[in-house]
1. Simple spin-label model, 7 Å along Cα-to-Cβ: S260 to R100 in nm?
2. Which of Y25, T294, S198 sits farthest toward the positive end of the charge dipole of the chain, with +1 on the Cβ of Lys and Arg and -1 on the Cβ of Asp and Glu?
3. How much of the calculated P(r) for the chain lies past 40 Å, in percent of all Cα pairs?
4. Take every DSSP beta bridge with both residues inside the chain and express the antiparallel ones as a percent of the total, to the nearest 5.
5. Using a basic spin-label model with each label point 7 Å from the Cα along Cα→Cβ, how many nm lie between K208 and A238?
6. Can you compute the equivalent ellipsoid semi-axes for the range 121-255, i.e. the square root of 5 times each eigenvalue of the Cα gyration tensor, sorted largest first and rounded to whole Å?
7. From the Cα trace of the range 1-154, what convex hull volume per residue do you get, rounded to a whole Å³?
8. How much length is gained if the chain between T121 and D350 is pulled fully straight, taking 0.36 nm per residue apart and subtracting their Cα-Cα distance, in nm to one decimal?
Amino acid sequence: MNGLNQTFLLGAATAAHQVEGNNIYSDFWAQEQMENSNFAEPSRDACDHYNRYEEDILLLKEAGLNAYRFSIEWARIEPEKGRFDDKEIQHYRDVIKFCRKNGVEPIVTLHHFSSPKWLITEGGWESENTVRYFAGYCRYIAEKLGDLLTYVCTINEANMGLQMAAISRRFMKQMGINIQVGVNLPMQEKQKAIREESAKVFGVDASKGIHTFLSQRTPQGDLLIILAHEAARDAMKAVCPHLKIGLTLSLHDYQPADESAETSEKIRKEWEEEFLHYLPYIVKDDFIGLQNYTREIIGPDGVQKAPEGAVLTQMNYEYYPQGLEHVIRKVAEEFKGDILVTENGIAAEDDACRISFIETALKGVKSCIEDGIPVKGYMYWSLMDNFEWQKGFTMKFGLISVDRSNQKRTPKASLQFLGEQYGRTGIEGRN
Ligand code: BGC
């Protein structure tokens with residue numbers, strides 16, 4: 001494979017709650033501690049990245065990578081409504097400075113799924129106030145850290161709440177659950193217990209439910225998220241016009257199972273909901289963060305099972321690294337700004353599988369660049385094995401494995417492989 005151009009940002013991504021540890025003021029932490037919980041296990045000290053970030057960034061740099069995407073945790077910065085913590089700002093200043101000192105471009109995300117617990121008490125991601133609260137936090141970050149930054153992602157996977165709602169609709173349909181007649185009672189009872197305990201933990205009315213970022217989103221909630229993005233972008237630009245700001249979206253490679261008109265209409269609708277309807281709000285952005293993990297095959301009845309014989313990853317997604325190129329090409333038809341691949345990766349115990357996934361995905365990226373599509377970077381998900389939300393620590397997405405009994409890091413061959421994708425044409429690294 002030929003090398004990537006020296007200006008290309010090649011790196012890996014993490015998210016604060018998944019790696020830092022002890023994110024005690026966040027909504028996820030609160031949910032993990034509940035007696036009735038959807039989480040396989042709590043995050044506890046995760047990968048202790050909060051204390052070990054230097055070691056992790058050095059491993060990334062030594063492998064030849066030049067960019068690191070990570071998130072700033074709102075719950076640390078503003079643990080109580082209106083109280084901002086200087087000590088935590090200093091922590092993230094240190095992380096960003098350490099990246100810069102080592103020639104690594106920091107790409108920060110200001111919201112990656114987890115929110116301060118107080119925000120959920122205030123109505124969370126279905127409340128209009130959240131637009132203002134989020135913009136206030138982002139303005140503060142721009143004031144305190146903007147001088148050290150270039151790339152900022154406001155919200156990770158702004159479309160995730162709608163996807164959660166769609167998954168739930170599909171699940172209900174598939175299981176043929178009929179709440180009236182009490183089919184699947186144990187599961188319904190568990191969900192009821194979770195709802196009631198969450199309401200207590202967050203101090204909200206049980207009948208209204210809690211609205212975390214990963215809750216099923218209503219169309220009004222979806223609009224609020226995109227307004228929060230716009231308000232945050234404008235607030236940060238007012239303080240730091242030099243910042244390049246965008247959001248990230250989770251995007252599937254939708255493929256038709258047949259040539260029927262119903263199928264193509266289904267695909268059109270999926271793409272509209274997942275991507276197209278956000279376009280008017282992101283045209284002023286400097287880039288789009290594109291995230292893809294697999295394809296989805298759609299028939300007249302919607303999403304179909306992976307084809308017979310398909311290889312499934314630990315997440316039960318189809319192994320399909322070609323999806324990235326397809327999605328980049330589709331996005332580029334509509335979005336004319338820069339594209340950063342902010343996540344793409346595979347959960348697999350077998351690292352050889354990861355290497356071939358990366359190889360195919362990057363071939364696709366290069367082919368897009370050769371065709372003039374402005375893809376400016378590729379961040380593999382994830383730098384290290386980490387806390388995969390409800391699934392706990394069992395999913396192995398990382399380029400580095402972490403022994404959580406002593407937090408020892410062991411780089412996998414895939415880390416070196418990714419770093420080697422530079423320079424094969426003799427082009428030197430960016431720095
Ligand atoms: C999220 C990550 C997550 C990854 C793998 C993405 O949707 O941004 O936080 O770990 O997928 O499931």
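1. Taking the simple label geometry, S260 and R100 are separated by 5.8 nm.
2. Y25
3. Cα-Cα pairs of the chain separated by over 40 Å account for 13 percent.
4. 20 percent
5. The modelled label-to-label distance comes out at 2.7 nm.
6. Gyration-tensor ellipsoid for the range 121-255: 35, 19, 10 Å.
7. Convex hull volume per residue, Cα atoms: 139 Å³.
8. Details: separation 229, 0.36 × 229 = 82.44 nm, distance 4.19 nm.
Length gained between T121 and D350: 78.3 nm.
The values are calculated or read from the model by the stated rules, or taken from the named source; none is laboratory data. Predicted model, so just to flag it, every value in this text is computed and none were measured. All Cβ positions, even for glycine, are placed from backbone atoms using ideal geometry, and neighbour counts span all protein chains on display. Remember, those area values only see protein heavy atoms, side chains included, never the ligands or the DNA or RNA. Shrake-Rupley method; radii C 1.70, N 1.55, O 1.52, S 1.80 Å.
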